[in-house]
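Reviewing the structure listed below.
The values are calculated or read from the model by the stated rules, or taken from the named source; none is laboratory data. Remember, it's a predicted structure, so these values are computed and weren't measured experimentally. Neighbour counts run over all protein chains shown; Cβ positions are idealised from the backbone, glycine included.
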Amino acid sequence: MENILELQQVCKTFPKTNFALDKVSFSIPYGSIMGFVGENGAGKTTTIGCILNTVLKDSGTVKLFGKEMSDTDTELREKIGVVYDGDNFPAHWTAEQLSHVMQGLYTKWDNTLFQKYLADLRLRPNQKIKHYSRGMTMKLAVAAALSHHPQLLILDEATSGLDPVMRDDMLDLFLDFVQEEDHSILFSSHITTDLEKIADYITFIHNGKLILTATKNELMYNFAVMRCKESQFLELDPNDILAYRKRDFQIDVLVSDGKVAERKYRNAVIDHVSIEEIMLLLVKGERV
């Protein structure tokens, strides 16, 4: 099997809010990290819900480890570690109590490993979770997710709101996790600098639709922004324009290959582009 996770044409409509996932398709190879990027409300959490069967999709298929997961499929669920943005566990529990509960839920729960994570992340086992800082609660959630030896880690804004030092600690844990060739991560985040550090692939979602999937290296080393005057913009081949955005006296144009654009449009100013600027141009920009 090449892919640990595959989504094909997944759709989900919420009539009351007029929001819909529209034919979402992407896959994650074994041994890799997929960054899942989009603004708040773009559909990241709904997509994750469809993957985990906590949201009932209208149509399409989701395959985990090569098969579709039913509500009663505990074997597949044991292979998945999940961390949500927000409260993952009851606030009146301690980490020690959490360990006892998790031991009853997961056949591969490794208390020795969990205790090691608590020590490494400087979390007190007998302190109530309600007295943890936000960073500490997220560290605890990651430690718990990793301690039942999953193969697929699904992170929904797991580093949101953490300070740079704590985020760096988390990223190191994630990189260690995928050193195993049969491990992968789906990392939903709007913090694009985190994804620039660790992601292998990045998928952009906007208003429930996927707008681009590419390798991180392709995005960072091939994609570029042309800074054009209006007269230059009018002379561009429309096929070269992925998206464009007018800014004061110039027009920023996203292109998929900066070197090709540089040879083709010799008078244009062409800059390297960050993941964040790509996202902003795709989301806020226009298309020809």
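Structure values in brief
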quantity	calculated
Among (1) basic (K, R); (2) within 16 Å of the chain's Cα centre (by Cα); (3) surrounded by fewer than 19 Cβ atoms within 10 Å (Cβ to Cβ), the one test that R167 misses	(3)
Residue list for the range 240-259, filter: on the phi < 0 side of the Ramachandran plot and free of Cβ contacts under 8 Å to residues at least 12 places away in the same chain	K246, R247
Complete set of residues in the range 124-139 that are in contact with a helix residue (DSSP H, G or I) (Cβ under 6 Å, 6 or more places away or on another chain) and assigned to a loop (DSSP other than H, G, I, E, B)	P125, N126
Strands (runs of 3 or more DSSP E) lying entirely in the range 20-112 (those with 1 or more residues that are surrounded by fewer than 21 Cβ atoms within 10 Å (Cβ to Cβ))	59-64, 80-84
Residue tally, condition closer than 21 Å to W109 by Cα and in contact (Cβ under 8 Å) with a residue 24 or more places away in the chain, over the range 35-76	3
Qualifying residues in the range 265-278 (those that are in contact with a Leu (Cβ under 9 Å, 6 or more places away or on another chain) and not small (G, A, S)) - the one surrounded by the fewest Cβ atoms within 10 Å (Cβ to Cβ)	E277
The range 141-163 - residue that is of a type outside the set (D, E) and modelled with pLDDT under 90 and, of those, surrounded by the most Cβ atoms within 10 Å (Cβ to Cβ)	A158
Any hit, the range 245-253, residues being surrounded by 15 or more Cβ atoms within 10 Å (Cβ to Cβ) and not in a strand (DSSP E or B)	no
Cross-chain or 6+ apart pairs with Cβ under 9 Å, the range 228-239 first and more than 12 Å from Y265 (Cα to Cα), then exposed (fewer than 14 other Cβ atoms within 10 Å of the Cβ)	K229/F249; E230/K246; E230/F249; P238/V288; N239/V288
Qualifying residue in the range 114-122 (condition: part of a loop (DSSP other than H, G, I, E, B), out of contact with any Pro (no Cβ under 9 Å at 6 or more places or on another chain), among the aliphatic types (A, V, I, L, M) and over 30 Å from K23 (Cβ atoms))	yes
Only listed residue being under 20 Å from the mean Cα position of the chain (by Cα) and either in contact (Cβ under 8 Å) with a residue 24 or more places away in the chain or closer than 23 Å to K139 by Cβ (or both), chosen from L98, L21	L21
